[in-house]
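What follows is calculated from the coordinates using simple rules that are stated; it is not laboratory data. Quick caveat: nothing in here was measured; it's all calculated off a predicted structure. Glycine gets a Cβ as well: all are built from the backbone with ideal geometry, and neighbour counts include every protein chain shown.
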Amino acid sequence: MPNRFLILTLIVIVTVIGGCAKRNTAYQPDDEWLSLDKQIPVVGDPLDLCFDDDYIFVAQDQGGMSSIRRSDYQHKWYTFIKAIDGSVFNLVKIRRIDTVNQHKRLFINEIGDTDRIYSIDTSEADTLHFVSLTIGSTVGITDMDFRAATTAGSIYTIEGGYCQAGKMIVTNYNDDFGLVNDPAIIPPGSASGFCLSNNYIYIAAQQRGLAIYNRSNQQLVKEFAIPGSALKVSVVGNLAFIASRQGGLSIVNVADPVNPILLSSFPTSNFTTTVNVAGNKAAISAGSGGVYLFDITNPAQPVLLQRLTSCGYANSAKFMGNKLLVAGRDQGILIYSIK
C-alpha cells in the first residue's frame, strides 16, 4: 500500500512539472537550411560584428578586435591601432563595432580606462589606421550604427547614432569634426537598440516596447507595447522586426507610425538578443538557444526554417549576401551558406 501511494505521488509531481514547463521549439536538423563553410576561432568573446565589401570586423570584448578577409577568410588580430604619425592606441575592451563601406570608415566602441568611440580608416587593404576619437556620452553603449549620409548638401559624410545609458543619440560625422551629436532622446523606457529611417527613429525601449520618434524634431510619435522586452529593432520597408528578449521575435507593421499593428510574435526557448533581416529571411540570436532562421514572406505568419544549436551560445547573427555570420561565445565566428 505505501509503495502504491508513493508511485501515485510521483506521477502527480511529474505531471505538474511537465504542465509548467515552457514549450520548446521543435527540433530542426542543423544542416537543413544552413551549412557551415568556415569556423574562425578568435580571442575573447565576440560580442558584435559587421562587414564591408572586403572584410568582416569583430568586436571581441577583452580580446581586442579582428578583421577577416572575405575572399579567403584570412584572419588578422588587433590589440592596438596606430595613427599615421605613429601614435599607438591600445584596444582593451571592444563591445560594439560598425563600418561604412562607402567612406572606408570603421567605428569601434572601446571601454578601457575611458569609454570612447574610435574612427578607423580601412582604405588600405591590410592595415587599419586611427583617424579620431570621441569621448563624452559614450559610456554604456548598447547599440551603434552608422551609414553614408543621405541629407543633400550636408557637410557630413556619415550619419548614425548609438544607445548610451538608456538614451538614444543621433550623430553626424566627417573627418574634420569627428562625431557631432544631436540632443539626446530619452525614451519612455531604457533605449537598448534603434533603427534610423529617413523620417523616423525607431527605438527598442526594453519593457516599454517600441518607441517611434519623428526624426526632424525628435518628438515622440508613438509608444507601442509588444510581448517581452524590446532589445533590438530592424526596420525594413513598413515592417519593424524586434528582438524582444523573453518575447522572442515580434513583427510590427509601422506603415502608419501613429497606429502600429502587431502582426505576429514568435516565442523562443531562450532570451532573444539581436535581429537581422535580408530579403524574405530573418535571423535572431538567442544566447544559449543558438540562432533561429525564419522565412518572413508572410510577416503575419513567420515560418521557422531552422533552429541552429551547434553554434553554441550566440551573441549575434547577421546576413552577408548568401551567408549567415554567427558570433559565438565559445566557437568564435561561424560562417554558414544559406541553401
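For the reader, a short list of remarks on this structure follows.
- Cα Rg over Rh - the chain, Kirkwood: 1.02
- Label point distance in nm, Glu223-Asp182, each placed 7 Å from Cα along Cα→Cβ: 2.0 nm
- In range of the label at Thr114: residues from segment 133-167 whose backbone nitrogen is under 11 Å from the point 7 Å along Cα→Cβ: 133-136
- Computed [θ] at 222 nm, helices only, for the chain once each DSSP H run of length n ≥ 4 contributes -39500 (n - 2.57): -2000 deg cm²/dmol
- Rg/Rg_ref, segment 107-258, where Rg_ref = 2.2 N^0.38 Å and atoms are Cα: 1.07
- Relative to the longest principal axis of the Cα atoms of the chain, helix 2-20 runs at roughly 30 degrees.
- The phi torsions of segment 65-80, fed into the Karplus equation with coefficients 6.51, -1.76 and 1.60 and a -60° offset, translate into couplings of 8, 9, 10, 10, 5, 5, 5, 9, 6, 5, 10, 10, 9, 10, 10, 7 Hz, rounded to whole numbers, with Gly and Pro shown as x.
- Multiplying the residue separation of Val43 and Thr150 by 0.36 nm and removing their Cα-Cα distance gives an extension gain of 34.9 nm.
- Computed log10 I(q)/I(0) for segment 38-177 at 0.10, 0.14, 0.20 Å⁻¹: -0.31, -0.61, -1.28, from the Debye equation with unit scatterers placed on every C-alpha and solvent omitted.
- For Leu239, the residues whose amide H sits under 5 Å from its own are Val254, ignoring neighbours fewer than 5 places away on the same chain, with H placed 1.01 Å from N.
- Förster-model FRET efficiency, 41 Å R0, Asp295 and Phe89, C-beta, rounded to 0.05: 0.40
- Pairs of lysines in the chain whose Cα atoms sit within less than 14 Å of one another amount to 7, provided the residues are eight or more positions apart or on different chains.
- Positive-pole candidate from Ser132, Tyr200, Asn174, dipole of segment 86-202, charges at beta carbon: Tyr200
- Loop-located trypsin sites (Lys or Arg not before Pro) across segment 84-159 with a Cβ neighbour count of 10 or fewer within 10 Å are lacking, with loop assigned by DSSP.
- Local electrostatic count at Leu106 - Lys and Arg +1, Asp and Glu -1, tallied over other residues with Cβ under 10 Å: -1
- In a simple Cβ point-charge model (Lys, Arg +1; Asp, Glu -1; nothing else charged), the chain has a dipole of about 1120 debye relative to its Cα centre.
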